[in-house]
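Just below is one structure, and these are the notes that go with it.
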Amino acid sequence: MTPLERALRDRILSEGPITVEAFMAACNDYYYATRDPLGASGDFTTAPEISQMFGELVGACLADCWMRAGKPPDAIYVELGPGRGTLAADALRVMRAARFDPAVHFVETSPVLREAQAAAVPGAIWHDEITSLPDAPMLLVANEFLDALPVRQFVEGAERKVTVAAGGLAFDRDGEIIETSPSRDQAVSQIASRLAASGGAALIIDYGHPKGAPGDTLQAIHAHGFAPVLDRPGEQDLTAHVDFEAVANAVRDAGALATSLVPQGRWLERLGIASRSEALARAQPARADEIDGARSRLCSVDEMGALFKAIAIHSPQWPAPAGFE
Ligand code: SAH
């Protein structure tokens with residue numbers, strides 16, 4: 001039994017069943033606080049860890065948006081859940097080459113990942129919450145961040161909970177599931193309000209669906225494979241698909257603009273991943289196959305290209321970032 005499972009069982013025995021939301025929050029807090037889950041030796045691999053091209057195109061997209069906004073000198077770069085800092089390092093290299101050298105602010109709760117981020121991006125400033133970011137125009141990125149925030153689940157109007165049964169953890173009910181995520185709605189609303197008030201744009205990339213629909217999307221990943229959600233609490237990554245309709249609604253309610261939702265593959269193609277991969281392959285012919293393989297993994301509809309989607313949020317005074325037309 002994992003240490004967190006023991007703690008959760010004690011909690012359930014004293015307080016009664018806990019919501020799926022409380023379970024997911026407790027598991028992910030513990031999970032991210034105690035390890036670097038990324039890469040071959042971890043549980044999952046993200047787009048920036050597949051290839052430098054991902055962060056470079058994000059950097060080019062943000063630098064272009066900043067230029068078209070009139071190059072505000074006080075604009076900052078913000079990333080939510082920056083993982084190992086790889087995306088930020090790749091994006092900043094491109095932004096600095098375009099003479100945009102913003103202060104870097106990370107929203108990250110994991111001490112282990114903060115250490116990796118400090119090594120990748122010297123001079124970054126950390127925050128526990130979006131609300132403590134400085135009041136300035138911002139260019140923000142969140143890749144695979146919203147999927148880690150907890151969801152609530154309902155079955156026929158009753159909230160689904162986790163209980164102790166037959167010695168193990170079990171769901172208290174099954175049936176057709178409706179998911180909501182107040183934590184995500186709140187995060188999106190906080191970003192959108194800041195963009196509306198101080199200017200800027202945000203890129204949100206994650207897996208999910210364009211419209212809200214019934215269904216259980218809570219899943220666990222362990223050692224690069226799916227695992228039962230209630231197994232090994234705190235030792236596997238719990239995520240749920242992002243409802244991008246709810247994201248767009250939260251953006252509008254907060255007074256900012258949301259672009260259309262674009263499949264990741266098409267977005268990266270519009271930003272020029274084909275010419276970037278050809279240039280990289282010309283510079284390093286021995287790595288040409290690997291570079292083309294990474295492009296295909298990021299863009300192909302059978303791999304990350306269609307399941308992952310991108311949406312941008314921007315202030316009404318700022319232009320929409322490229323690739324969403
Ligand atoms: N964006 C990175 C990492 C994705 S994993 C990449 O693409 O590689 C999710 C990231 O979000 C981790 O850095 C994790 O520590 C962070 N995270 C998860 N929940 C969080 C929360 N509630 N507040 C801040 N950071 C969180």
Among (1) of a type in the set (Asp, Glu); (2) without any contact (Cβ under 8 Å) to a residue 40 or more places away in the chain; (3) assigned to a strand (DSSP E or B) - the single one GLU245 does not satisfy: (3)
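In segment 128-194, which strands (runs of 3 or more DSSP E) lie fully inside it and hold 3 or more residues that are of a type in the set (S, T, N, Q) and under 25 Å from TYR207 (Cα atoms)?
Strands (runs of 3 or more DSSP E) meeting the threshold: none at all.
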ASP302, sole failed condition from (1) within 28 Å of GLU21 (Cα to Cα); (2) free of Cβ contacts under 8 Å to residues at least 60 places away in the same chain; (3) assigned to a loop (DSSP other than H, G, I, E, B): (1)
Odd one out for GLU179, checked against (1) in contact (Cβ under 8 Å) with a residue 60 or more places away in the chain; (2) touching a helix residue (DSSP H, G or I) at 6+ places or on another chain (Cβ under 7 Å); (3) open to solvent by less than 70 Å² (accessible area, probe 1.4 Å): (2)
Tally, over segment 13-32, of residues that are open to solvent by 40 Å² or more (accessible area, probe 1.4 Å) and within 8 Å of the ligand (Cβ to nearest atom): 2
Criterion (aliphatic (A, V, I, L, M), over 16 Å from ARG35 (Cα atoms) and surrounded by 23 or more Cβ atoms within 10 Å (Cβ to Cβ)) met by exactly one of VAL141, VAL121: VAL141
From the options ARG84, ARG114, residue that is part of a loop (DSSP other than H, G, I, E, B) and either within 16 Å of the ligand (Cβ to nearest atom) or within 24 Å of GLN190 (Cα to Cα) (or both): ARG84
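Being assigned to a helix (DSSP H, G or I) and within 18 Å of VAL141 (Cβ to Cβ) is the filter here, so list the residues in segment 272-299 that pass it.
Matches in segment 272-299: ILE273, ARG276, LEU298.
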Residue count, segment 87-101 (criterion: open to solvent by 10 Å² or more (accessible area, probe 1.4 Å) and more than 16 Å from the ligand (Cβ to nearest atom)): 7
Where LEU8 falls short, out of the listed (1) open to solvent by less than 10 Å² (accessible area, probe 1.4 Å); (2) over 23 Å from LEU238 (Cβ atoms): (2)
Of all residues in segment 5-48 being touching a residue at least 60 places away in the same chain (Cβ under 8 Å) and among the polar types (S, T, N, Q), the one that is nearest to PRO82 (Cα to Cα): THR46
Hits in segment 151-168 (condition: within 16 Å of the ligand (Cβ to nearest atom) and open to solvent by 20 Å² or more (accessible area, probe 1.4 Å)): ARG152
Filter pass, PRO82 being more than 17 Å from the chain's Cα centre (by Cα) and over 16 Å from ILE273 (Cα atoms): no
ASP128 vs. criteria open to solvent by 10 Å² or more (accessible area, probe 1.4 Å) and near the ligand (Cβ under 9 Å from one of its atoms): yes
Test for ALA136: is it of a type outside the set (Asp, Glu), away from the ligand (no atom under 13 Å from the Cβ) and surrounded by fewer than 17 Cβ atoms within 10 Å (Cβ to Cβ): no
Close pairs (8 angstrom Cβ cut-off, 6 or more residues apart or separate chains): free of Cβ contacts under 8 Å to residues at least 60 places away in the same chain in segment 196-211, among the aliphatic types (A, V, I, L, M) anywhere: HIS209/VAL242
Close pairs from segment 249-268: first free of Cβ contacts under 8 Å to residues at least 12 places away in the same chain and charged (D, E, K, R), partner surrounded by fewer than 19 Cβ atoms within 10 Å (Cβ to Cβ) and assigned to a helix (DSSP H, G or I), Cβ under 8 Å, at least 6 apart: none
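The values are calculated or read from the model by the stated rules, or taken from the named source; none is laboratory data. Every value quoted in this text rests on a predicted model; they were computed, and no experiment measured them. Using ideal geometry, Cβ is built from the backbone for each residue, glycine included, and neighbour counts are taken over all protein chains shown. To get the accessible areas, we keep the full protein, side chains included, count just its heavy atoms, and leave off ligands, DNA and RNA. Shrake-Rupley method; radii C 1.70, N 1.55, O 1.52, S 1.80 Å.
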